[in-house]
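> Before anything else, here's the structure in question.
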Amino acid sequence: MTQIKQIGVIGAGTMGNGIAQTFAVAGYPVLLQDLSEAALERARKTMESSLGRQVKKGQLSEEAARDALARISADTKLETMADRDLVIEAIVERLDVKAGVLKQLDAICRPDAILASNTSSISLTQLAAASAHPGRVIGMHFFNPVPVMQLVEIIRALQTTDAVAEAVTEVTRAIGKTPRVSKDSYGFVVNRLLAPLINEAINCVYEGLATPEDIDSMMKLGANHPMGPLALGDLIGLDVVLNIMETLYEGFDDPKYRASPLLKQMVHAGYLGRKTGRGFAEYHKA
Ligand code: NAI
């Protein structure tokens, strides 16, 4: 197994730019690819302001922030991934699109390059099956915001080799994150636990048990959660929570994962949480 030195990140959206920034701060040269020039431009601005905040907080020197930005190059062509040792895709959450990119990478990358997916719900085993070298496909599930969140959930497809899992675990530690390995399953571990909690909190609102504010404060004061489940649902996006519940419900074919009728209604109404200004609370742009 080659040592991981050169990183490729595909998709320069919310997650991709955070992943690129995190590797660059840790000293890795990163190539960030997106189909859209505008997305690459936005990603650079986001990374600049995120690094600027880290400098202000004293977490990073100005020089380190400048060096990190200089380590990130950007391109719209996938072919530039040819010399990368680890390529992480963070593109739209669709099996057909992700599988298509993996197939393209098979023709572009060295056979020993590792191909990781930041998918939050798609079966890694199904994704790996799309590659001509399925043993090198693995999940690296980062959390939002990437520069801040400590965990990387590493998901082994049925086909993933031990060497690939070890290399990815090691590089996760090298960027200052904490790796935890899980087998491939619907929702993996974090979302399998988190989405039903949020969903059940929404059922409590639906049944009129208590107000959203009180439900959140009960979980903060009684279960020592730093944030209430409804506020967390608003932060993640209620459409994303609904997607995860549907993945669990359909995947396990188990009624215990049925989405709350109120969650469905909120999504139908366009009350998706912070990103639309309204969820279980109202949010005003600063
Ligand atoms: P996003 O919509 O912010 O960014 C996706 C980017 O990928 C866009 O810039 C788009 O232009 C680009 N893209 C789409 N198809 C492409 C292709 N074929 N080649 C190159 N670029 C392409 O999405 P976000 O939120 O960053 O999510 C990306 C992935 O990360 C998804 O799989 C999502 O499930 C996962 N994820 C998202 C989290 C979140 O909190 N947003 C948390 C953990 C995982």
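> Looking only at the stretch 267-279, which residues are open to solvent by less than 60 Å² (accessible area, probe 1.4 Å) and within 21 Å of Pro145 (Cβ to Cβ)?
Leu272, Gly273, Gly277, Gly279
> May I ask you to say which residue of Asn243, Asn199 is at pLDDT 95 or above and outside the structural domain of Asn144 (by the TED database)? Steps first, please.
Working: Asn243 fails: at pLDDT 95 or above.
The conditions single out Asn199.
> Within the stretch 136-155, take every residue that is surrounded by fewer than 18 Cβ atoms within 10 Å (Cβ to Cβ) and not hydrophobic (A, V, I, L, M, F, W, C) and give me the one that is nearest to the ligand (Cβ to nearest atom).
The extreme case among them is Asn144.
> Mind checking which strands (runs of 3 or more DSSP E) fall wholly inside the stretch 1-101 and carry at least 1 residues that are open to solvent by less than 40 Å² (accessible area, probe 1.4 Å), among the polar types (S, T, N, Q) and under 21 Å from Ser131 (Cα atoms)? Lay out the reasoning, then the answer.
On the way: elements: 7-10, 30-33, 72-75, 86-89.
Filter on the stretch 1-101 gives 30-33.
> Filter the stretch 102-113 for residues that are assigned to a helix (DSSP H, G or I), more than 20 Å from Asp184 (Cβ to Cβ) and open to solvent by 50 Å² or more (accessible area, probe 1.4 Å) and give the result.
Gln104, Ala107
> Another one. With the structure loaded, tell me whether Asp67 is in contact (Cβ under 8 Å) with a residue 60 or more places away in the chain and more than 16 Å from the ligand (Cβ to nearest atom) or whether it fails that test. Walk me through it before giving the result.
Values: in contact (Cβ under 8 Å) with a residue 60 or more places away in the chain: no; more than 16 Å from the ligand (Cβ to nearest atom): yes.
In short, no.
Here's the yes/no breakdown for (1) open to solvent by less than 70 Å² (accessible area, probe 1.4 Å); (2) in the same structural domain as Ser120 (by the TED database); (3) among the basic types (Lys, Arg):
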position	(1), (2), (3)
Pro226	no, no, no
Pro229	yes, no, no
Thr247	yes, no, no
Arg258	no, no, yes
Gln265	no, no, no
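> Further, regarding this structure: What pairs can you find where one residue is in the stretch 86-112 and of a type in the set (Val, Ile, Thr), the other is open to solvent by 80 Å² or more (accessible area, probe 1.4 Å), and their Cβ atoms are less than 8 Å apart, with a gap of 6+ or different chains?
Hits for this filter: Ile108/Glu79.
> When you go through (1) in contact (Cβ under 8 Å) with a residue 24 or more places away in the chain; (2) not assigned by the TED database to the domain that holds Ala24 one by one for Val171, which number turns out not to apply?
The one condition Val171 does not meet is (2).
> Let me ask another. Taking the residues in the stretch 182-199 that are open to solvent by 90 Å² or more (accessible area, probe 1.4 Å) and touching a residue at least 24 places away in the same chain (Cβ under 8 Å) as candidates, determine which candidate is farthest from Val241 (Cα to Cα).
Taking the stretch 182-199 first, the residues open to solvent by 90 Å² or more (accessible area, probe 1.4 Å) are 183, 186, 193.
Going one step further and asking which of them are touching a residue at least 24 places away in the same chain (Cβ under 8 Å), we end up with 183, 186.
Working: Lys183: 21, Tyr186: 14 Å.
Filtering the stretch 182-199 for residues that are open to solvent by 90 Å² or more (accessible area, probe 1.4 Å) and touching a residue at least 24 places away in the same chain (Cβ under 8 Å), the one farthest from Val241 (Cα to Cα) comes out as Lys183.
> Out of the stretch 223-235, which residues are under 16 Å from the mean Cα position of the chain (by Cα) and touching a residue at least 40 places away in the same chain (Cβ under 8 Å)?
Step one: filter the stretch 223-235 for residues under 16 Å from the mean Cα position of the chain (by Cα), giving 232-233, 235.
Within the stretch 223-235, Gly233 is the sole residue that qualifies.
> Out of Leu102, Leu95, Leu127, I need the residue that is within 14 Å of the ligand (Cβ to nearest atom) and modelled with pLDDT under 95. Which one? Explain how you work it out, then say what you get.
Working: Leu102 fails: modelled with pLDDT under 95; Leu127 fails: modelled with pLDDT under 95.
The conditions single out Leu95.
The values are calculated or read from the model by the stated rules, or taken from the named source; none is laboratory data. This structure is a prediction, so every number in the text was calculated from the model and none was measured. Cβ sites come from the backbone with ideal geometry, for glycine too, and all protein chains shown count toward neighbours. Accessible surface is based on the protein model in full, side chains and every heavy atom, while ligands, DNA and RNA are left aside. Shrake-Rupley method; radii C 1.70, N 1.55, O 1.52, S 1.80 Å.
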